[in-house]
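Read the structure below first, then the notes.
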Amino acid sequence: MRWYMPFSNPMAHARSEDDILNELYSGSKAGFRSLHEKLIKQIHQFGDFETVPKKGYVSLRRKKQFAMIGPKTSTRFEVGINAKDLKKSARLLEQPTGSMSNYIVNINEAREIDSQLVSWLKSAFEGAG
């Protein structure tokens, strides 16, 4: 897995993966770090991809972005999925055209990272080239 850090300050390139994640998962959002790590471990089984940390989430990319993960609020962790024509589910919140992700799945605990969510992410991964 490769980290790309799009910062204009050259000193920012010296920041480690842990530094970036520590900042993203700090304070009231610290408890979501374990969800992030579990998701990354699951997705890494699909093959190589690039992680691009943003201000409030981490973008997961191949030729294009296939998912976004991160704490949306202090009480909600969000998985954005860029895939087409996923089978409807109450968990899978379809987003309006032009949104950063086609679908959103909200997660509150590790058990919600299940085979259904992983299959949606795999579909997005495969569609991203």
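Taken together, the values in this text are just the output of simple stated rules run on the coordinates, not laboratory data. None of these values were measured; they are calculated from a predicted model. In this analysis, Cβ positions are derived from the backbone assuming ideal geometry, glycine residues included, and neighbour counts consider all displayed protein chains.
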Subject >> Sequence-distant residues sharing a close amide H with PHE77 (under 5 Å, placed H) >> reply: LYS72, ILE107
Original post:
Mind listing the phi-derived Karplus ³J(HN,Hα) values for the range 34-48, rounded to whole Hz, using 6.51, -1.76 and 1.60 with θ = phi - 60°, and x for any glycine or proline?
Top reply: 5, 5, 4, 5, 5, 4, 4, 4, 5, 5, 4, 5, 6, x, 6
**OP:** Let me have the 222 nm mean residue ellipticity of the chain computed from DSSP H runs of 4+ only, each contributing -39500 (n - 2.57), with the sum over all residues rounded to the nearest 500.
**Re:** -7500 deg cm²/dmol
**OP:** Count the net charge of all other residues whose Cβ sits under 11 Å from the Cβ of PRO71, scoring Lys and Arg as +1 and Asp and Glu as -1.
**Re:** +3
Original post:
Can you list the lysines whose alpha carbon sits under 18 Å from that of LYS54, skipping same-chain ones fewer than 8 residues off?
Top reply: LYS29, LYS63, LYS64, LYS72
**OP:** Net charge near ALA128: determine it from the other residues with C-beta under 13 Å of the C-beta of ALA128, scoring Lys and Arg +1 and Asp and Glu -1.
**Re:** +3
**OP:** Work out how much length ARG111 to LEU86 would gain on full extension: take 0.36 nm times their residue separation and subtract the Cα-Cα distance, in nm to one decimal.
**Re:** 6.9 nm
Original post:
For the range 10-129, which semi-axes, largest first and in whole Å, follow from the square roots of 5 times the eigenvalues of its Cα gyration tensor?
Top reply: 22, 17, 13
Subject >> Built amide H within the under 5 Å cut-off of ALA67, gap 5+ >> reply: LEU60, ASN82
Original post:
Once you list every other residue whose beta carbon is under 15 Å from the beta carbon of ALA90, what net charge do they have if Lys and Arg are +1 and Asp and Glu are -1?
Top reply: 0
**OP:** Select from the range 53-121 those chymotrypsin sites (Phe, Trp or Tyr not before Pro) which occupy a DSSP coil region and have at most 10 other Cβ atoms within 10 Å, ordered by residue number.
**Re:** none
